[in-house]
Amino acid sequence: MRRVSLPLWLISGLLYIFMYAPIAVVIVFSFNSAKHGGPWMGFTTQWYGKLLDSSDKIAATENTIILAVVSTAIATVLGTLLGYGLSRYWFPGKKLFSLLMYIPVVIPDIVMAVAMLAFFDLVSSLLGWFNMGLTTMTIAHITFQIPFVAIVVRSRLVGMDPAIEEAAHDLGASTWQTFWGVTFPLMLPGVLAGAMLAFTLSLDDFVVSFFTTGPGATTLPILIYSSVKRGITPDINALSTLIVLASVVGTVGVTLLQRPRQPSGG
Amino acid sequence: MAKKKGEVKFGEQLTVGGHLSRSVVTSGPGIFWVTVFLLVPLVWIGVVSFLTRGEVGGYGKPFTFENYTRFAGFGFFGFDLLYPQIIFRSLVLGAGTAGFCMLAALPLAFFIAGMPARYKNTALTLVLIPFWTNLLIRTYAWQIILAPESPITHLAVALGLTTAGSPLYPSAMAIYIGMVCDYLPFLVLPLYSSVEKIDWSIAEAASDLGADKLRVFWHAILPQVTPGLVAGIVLVFIPATGQFVIPDLLGGAKTVMMGNAIQQQFLQSRDWPFGSAIAFIGMGIVLVGLWVYARFSGEKGGELL
Amino acid sequence: MASEIPAIEVENLVRRFGDVEALSHVNVTIRKGEFFSLLGPSGCGKTTLLRIVGGLDMPDEGIVRIGGTDAREIPAHKRPVNTVFQSYALFPHLTVYDNIAFGLRMKKVAKPEISERVKKVMDLVEITPLGNRKPAQLSGGQKQRVALARAVVNEPQVLLLDEPLGALDLKLRKQLQVELLQLQRRLKITFIYVTHDQEEALVMSDRIAVMRAGKIEQMGEAESLYEHPHTRYVSQFLGSCNLIDGTVKRRGPKEAIVDSIVGELRVEFGQNPPAAAQRDKFTLAIRPEKVTLCRLDESAGENRVKVRVDELIYIGSETHYVLRAGEQRLTAEAMNVKVGSQGFDIGQEAIVYLPAAGLLVLDD
């Protein structure tokens, strides 16, 4: 391929530094011994230890994970079915409904967030009062996760040679047998990719969660936001560092997993 | 499209009824969910935008256009273009962020594509990591970087850009810095997938036919990356326009964007009808902007999504 | 022989895509155990016909019978027919062994029997050591053999092959053509083979149906199609042909004297003269290899035409000549029996002899 020129190296290097500046700063300042944030005053790891004692942070972590796991599970099932159905079967108004799928991708998340808030308010006034909390957040997360899973699964299916399924039928497989023996195994990487995407979207979500949350349902992004509004403290930096580490491990892990296995011979 | 009877796809003979029953089982649940939990809520805030704010913050009839007229400027205290200005400023923010991100993403995408195979994955992963790292964290960190004591601020003071002791935020510049830093990976990734697929022989042919470097770029390379570029711009413009966290953390009370305005109305002023009106108008404008852009540059972006 | 049930019968088959008739009232009967080819350019309907026989598509009108039974209501997975796809369509997530065993497993054949049959078939197509590989690790030729094995192991009544050799390079293709032919003869399965390569069809087939625009233009054994094309299209599709227009001057029971742009020609009608032979005007066709080049002093005799050599193309075993007689262009092909120049150079004048038996009357 083309060799990369020196100016391009320099510009890219600067851009990489620019992108990593906030991450680096958070990590560094999580070791700042200054109690109420502010300038650097010395190295310490005390804040990490303190995290283990903060019940609110632990609760937020639990909430975040439970929310992500549950919503991803449901959204993956519904989204996979949707992606499969859209790629194979026709129904009246299909074109219009396919566009429906793209709405969560194209509207600003604040609009979706307030819409859900208003909706839950409407429902509670019609069906009797209920508290906003993990349930409403889960519903909201699933709603924006489904289209992403569906899009990923569908694009994987569209790229599949139709002759493969025809071959399965030709060799005597019924629709059911073709789906489980041939289509699903080939679709699985797409399903997993969609699930991972959904999981990450849920973990990182702030805006929609912020508007659909309730007492006792604080998640990590909400916790961080509230704390930062009051002023940055090192223990928030410590928490953030751990989250950043988790993202790094996750990203690198997924990238390694996705590397195509080398074929031998041929 | 299904024919009257006996259409065959993928080796199966399916009637129209067959398609319908299978659609219900597969696409049905997902569509039902999204309709109930997204379409209905969106319609609902449309309805709410025509209602009136209750005394203690609820809302109810009568139906009125007041929220929209207030938005357009006919407020309590005479004509005030505050809200149109807010929308305009948000659109500028969205477009500006997309623009700066594009300028930065182009060299990065070509850099990664130009790496020898061994390092390509690493270079790409290095972009993926910030992409997958929480936006909130990457944003508030700028408060630290732009704090009064930081070397960056000192540099700015030395350059005479600001007075000593005051932070570089909240400011419009801080907002843009935060936005571009946060959204840059969003544009690099789709752009890169187009850049990677570039057929360089076209550029070589152009050069062979006598085109100078600028023309080669404009006519032979740029058209090939358009799909990825468009997808990336869309992926940045929309969330950027509606952002409230970044302007909130880095812009403070001074800079109010559409996202902030909506949040204020819903959570602080508790004027849901008015907030809904802003949200609805904002959403409409963003969608119109997208539609115009799609018309202009073809529909390729949608496929990449 | 006439009482034997044909392997495939197609009656009045019509298939439309929108306004276009991909298959237009096609009728064909394919005998058990024969190697039958559907030959034609892209878009002529040959693949559509194949897919309809296989159940992967359905006709708009007409009947398909497999072994005498009406197959229209029978879905693809229940038909005693297997297909070898152009793209091979091997299951990427299964090994070669599992790919081949797939059909047998669907039929719930017992494990030991599966093992035996799969091994046998793998030996037959010479891929025995590849059992544990995945399709991504195979070469084009190997994939093709696996696709073949996967279909053949099920012992179908009819095997459908959709341009299976298209993606392979020339040498491999020729080798596999012969292997496929030998395989068919051994297994005695009816083969229906789709191709656009006329040489391939000629090499392998018992009978060929030449198709154009959704219809079968001419059908018959290879030699009969080649030596007695009925239409311009067939004459040009299988090999090439010189075309000369003629008007009848005198007519006999089995021959005619025809006036043409190159002079007077005697034409012999042969066993089954086409209907057009009764007309006053028709087009004559003669294969280039039947056109003999002679020296100028050998001009005595019937059907001799004076020509000028425009082009001379040397192809190793043959030399092709492009000749001109006034407005008429003629091509001749001669085998290079002798070493060195055959004595005809560009610009030279010569005589060609067009044998009366070689002049064919075309239907159009």
Per-pair calculated FRET efficiency, R0 = 45 Å: C:Gln271 and C:Glu311 via Cβ, rounded to 0.05: 0.80
Within a Gaussian network of chain C (alpha carbon springs, distance under 10 Å), most fluctuating of C:Lys338, C:Lys108, C:Lys119: C:Lys338
Per-residue Cβ neighbour rank within 10 angstrom, fewest leading, A:Phe29, A:Phe91: A:Phe91, A:Phe29
Stokes-Einstein translational diffusion, segment C:240-361 - Kirkwood Rh over all Cα pairs, 0.692 mPa s, 37 °C, in µm²/s: 220
Ascending count of other beta-carbon atoms within 10 Å, so fewest first, for A:Leu242, B:Leu81, A:Leu157: B:Leu81, A:Leu242, A:Leu157
Distant-in-sequence amide H partners of B:Gln13 (H built 1.01 Å from N, under 5 Å): C:Ala76
Ranked A:Asp205, B:Asp248, criterion: other C-beta atoms within 10 Å, fewest first: B:Asp248, A:Asp205
Whole-Hz couplings from phi, Karplus 6.51/-1.76/1.60, listed for segment C:215-226; x for Gly and Pro: 10, 8, 7, 7, 9, x, 6, 3, 5, 5, 5, 6
Kirkwood hydrodynamic radius of chain C, Cα pairs, Å: 23.2
Options B:Gly30, B:Pro116, B:Leu290, ranked by Cα towards positive dipole end of chain B, top entry (Cβ charges): B:Gly30
Normalised per residue, the volume of the convex hull around the Cα set of chain B (Å³): 243
Extreme residue, positive dipole direction of the protein assembly as shown, given options B:Gln224, C:Gly45, C:Val14 (C-beta unit charges): B:Gln224
For segment C:6-74: rounded, prolate or oblate by the Cα gyration tensor [a/c cutoff 1.5]: oblate
Alpha-carbon centroids, segment C:261-304 and segment A:1-78: separation in whole Å: 90
Computed [θ] at 222 nm, helices only, for chain A once each DSSP H run of length n ≥ 4 contributes -39500 (n - 2.57): -25000 deg cm²/dmol
Other-chain or far-sequence residues with amide H under 5 Å of C:Ile8's (modelled H): C:Ile30, C:Gly67
Highest-MSF residue in chain C out of C:Pro75, C:Pro112, C:Pro229 [GNM, Cα springs under 10 Å]: C:Pro112
Gaussian network model of chain C, Cα within-10 Å springs - most flexible of C:Arg287, C:Arg185, C:Arg212: C:Arg185
Cα centre as origin, Lys/Arg/Asp/Glu Cβ charges: the protein assembly as shown dipole, Debye: 1260
Phi-based couplings in Hz for segment A:88-97 (Karplus 6.51, -1.76, 1.60; Gly and Pro marked x): 10, 10, 9, 8, x, x, 4, 4, 5, 5
Inter-part distance where segment B:273-290 and segment B:119-192 are each reduced to a Cα centre, Å: 29
Distance (nanometres) between label positions extended 7 Å along Cα→Cβ at C:Asn12 and C:Ile261: 4.3
Length-normalised contact order of chain A in % [C-alpha pairs under 8 Å, at least 6 apart]: 34
Interchain or long-range residues, amide H under 5 Å from B:Tyr59's placed H: B:Gly54
Cα gyration tensor shape of chain A, rounded if a/c is under 1.5, else prolate or oblate by comparing a/b with b/c: oblate
For the protein assembly as shown, with +1 on Lys and Arg beta carbons and -1 on Asp and Glu, the positive-most of C:Gly343, C:Phe237, A:Ile23 along the dipole: A:Ile23
Centre separation in Å (Cα based) which lies between segment A:200-221 and segment C:1-76: 61
Convex hull per residue volume in Å³, alpha carbons only, for segment A:19-105: 165
Magnitude of the charge dipole, chain C, Cβ model with Lys/Arg +1 and Asp/Glu -1, debye to 20: 1320
Counting all C-alpha pairs of segment B:164-230, share separated by more than 13 Å (%): 70
Whole-number Å³ per residue for the convex hull built on Cα positions in the protein assembly as shown: 257
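A short reminder: the numbers here are calculations on the coordinates, not readings from a lab. Because the structure is a prediction, the values reported are computed rather than measured. Every residue, glycine among them, receives a Cβ derived from its backbone with ideal geometry; neighbour counts consider all protein chains shown.
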